[in-house]
Amino acid sequence: MEPKVQGVINSLWKRFDEFEQKQEPINFSKWVSYFTYDVVSTLCLSEPLGLIQEGADNQKFIENVHRSFYWLSNTGFLPLSCQKLINLIAGFFERVFGLEIAGSVTSFIQFAASKINERRTSPSIGNSDMLDHFLKMKDREGKIVGDMGIYGEIGNLLAAGADTTSVGIKAVIGPILRDPPRYRRLQSELDDAYKASGISLGQPISYNILKDLPFLQACVKEGTRIHPSIIYQLPRHAPASGVQLEGFFIDPSSTISTSPLAQNRCNALFGDDANEWKPERWIPGEINTEEQIRFMDKNLATVSSRPPFDPFSMLDWTMLLMSVAQFGYGSRTCIGRNLAIIEMTKFLAEILTRYDVELLNEPKPWSIHSQWFAEIHDMMILLHKRGEGAYKG
Ligand code: HEM
């Protein structure tokens, strides 16, 4: 998996080098999405969607996913939910809001259909991808699943894995770029790791090395704690016997959930400074002890190192019921978690060792628009060659 991700990162750096040479500002919000969409497509279909190459979302893949989420995230909360509304009333709302749901997936279906046809006529030899698995998928009756089912699987992965990770990357890097002393600390931790491994700065580096860098890992945790990618609450049914939580009885008929944003900023869990971005809170001995960090980690609704679900643990049932979720919890947990962490970590390490990154448009360098995802828009950056002293941050 990592070599495929690396291939897409390398193609992004090629484009970023061009911007850097011309000293042209980059719409980082857009390019990070091009990157994460191209990664998912490469893993699924062994071919990127072509967003990095084209430098634009010409086929409206991303725009259409966003439109669909706007629709789905709102109708999903209606009393009868979208399914029951989909034909008559949904059609009306579609026209009123100009959502064009059906039309919006056409470009994606055309792309997926062409890949399915290609693969059926010339099956992959050796290096199989997700599409190879989808083509062998069977339904409950044991029959091979048709094209619609395959579109569904590919669409699911794109919708679940691209925007989530793209928001994660921006959430992690944004506060670093605004804080020169911590930026320098991270850059020097990375420079040392590159040196110790004999790798030239900005070149591909394995996640295996990066996973052991404490400040880098702390920045990933802290960025996603402060800004979870998904801030809509994922609903859960209470267990058949109900459950006692914090002095309240949750009735078996209840559907409940919690906000990852609120949980991640809870003073009782993360301290009085829970609203502040402070990566040091995750480094033993700097602000918190190891025990305090373990406690925070257990309660973090985002990139936690929490152990697997334990059916005998009250805390685990609480977490499951409360649907804590950057990556979810329990049996519906995110299947792309490891991929997302690898993408975020490698992206951060390579961009910060390859360039000096300057964030533009302070004091309001980005805007946030929440519709299921808490999307970070309009983040503009300027890249400088490392060591040329152009950026004094
Ligand atoms: C930072 C990045 C990501 C975040 C925050 C995230 C978050 C989530 C969350 C909250 C869920 C729902 C879990 C639940 O219902 O309890 C989920 C499910 C899922 N995610 Fe992710 N995800 C990320 C990256 C990815 C990636 C990269 C992929 C794959 C390419 C992916 C694929 C999926 C799939 C297929 C599901 C549905 C699992 C199921 O219901 O069985 N996700 N994710």
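Here are some notes:
- Residues 33, 11, arranged from fewest to most other Cβ atoms within 10 angstrom of their Cβ, appear as 11, 33.
- Phi-derived couplings, Karplus 6.51 cos²θ - 1.76 cosθ + 1.60 at θ = phi - 60°, listed residue by residue for the range 370-376: 9, 8, 6, 7, 9, 5, 9 Hz, with x used for Gly and Pro.
- Arranged from fewest to most other beta-carbon atoms within 10 Å of their beta carbon, 134, 248, 295 become 248, 295, 134.
- Reachable aspartates and glutamates from residue 278, criterion Cα separation under 15 angstrom, eight or more residues apart if same chain: 179, 222, 286, 297
- 379, 148, 137 arranged by Cβ crowding within 10 Å, fewest neighbours leading: 148, 137, 379
- Here the simple spin-label model places points 7 Å from the Cα toward Cβ, and for residue 141 and residue 240 these points are separated by 3.0 nm.
- Exceeding the 24 Å Cα-Cα cut-off - candidates 4/138; 115/143; 60/385; 4/364; 14/385; 211/385: 4/138; 60/385; 4/364; 211/385
- Under 18 Å of direct C-alpha separation, and excluding same-chain neighbours fewer than eight residues apart, residue 195 reaches these aspartates and glutamates: 212, 350, 356.
- Note that the range 355-363 has calculated 3J(HN,Hα) couplings of 10, 9, 9, 10, 8, 9, 6, 5, x Hz, one per residue in order, obtained from phi through the Karplus relation 6.51 cos²θ - 1.76 cosθ + 1.60 (θ = phi - 60°); glycine and proline are x.
We did not get these values from a lab; they are worked out from the coordinates using the rules stated. Given the structure is predicted, the values throughout are model-derived calculations rather than measurements. When we count neighbours, we look across all protein chains shown, and the Cβ atoms used for this are built from the backbone with ideal geometry, even at glycine.
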